[in-house]
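Chemist: Below you'll find the structure I mean.
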Amino acid sequence: MLKGLGPVLAVLLFGSASWVIHRALEEYHYEEIVRTLKALPAPGLSIAAVLTLASYFIMTGYDLLALRYVGVRVTVLKTALVSFIGFTFSSASAFLQVVLYAIGSIRHGDFLQNK
C-alpha cells in the first residue's frame, strides 16, 4: 500500500502547486506580463539572470561537496536536479511564509479594529 503512496503524493502536490500558482496569477494577463518584462532595462535583467544561474551552480557545488564529505557518490546531474528542486521549494516556502505572515497580520489588524 505504501509503495503507491509516493506517486499519489507527487500528483497531489503538483496539483496543489498548480492551483496556488493559478490563483496567484489570475489577476494578471499574459500581455501585461510581457509588457512589463519588455519595460525592464536589458542590462539589469541580464545581470539578474546570470546571478540566478550562478546561485544555482553554487548551491549544486555545495551539495556535491557535502555528499562527497559524507562519502556518498552521486552523479553531478542527479545532484544538480535534486539541488535545483530543493532550492526551488526552499525559496517558494520562504515566500509563502512571508505572504501568510502578511495576510495574518492584516487580518489580525482588521479584527482588532472591528472589535
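Chemist: When only DSSP loop residues count, what GluC sites (Glu not before Pro) in the stretch 1-76 have their Cβ near at most 11 other Cβ atoms within 10 Å?
Modeler: E26, E27
Chemist: Once phi is turned into θ = phi - 60°, what whole-Hz ³J(HN,Hα) does the Karplus curve with 6.51, -1.76 and 1.60 give for every residue of the stretch 22-28, x standing for Gly and Pro?
Modeler: My calculation for the stretch 22-28 gives 4, 5, 5, 9, 5, 7, 9 Hz in order.
Chemist: Something else about it: Could you list R73, R35 so that the one with the fewest beta carbons within 10 Å of its beta carbon is first and the one with the most is last?
Modeler: Lowest count first: R73, R35.
Since every read-out is calculated from the coordinates, none of them should be taken as a lab result. What you see is a predicted model, and the numbers here were worked out from it, not measured in a lab. Glycine also receives a Cβ, built like all others from the backbone with ideal geometry; neighbour counts cover every protein chain displayed.
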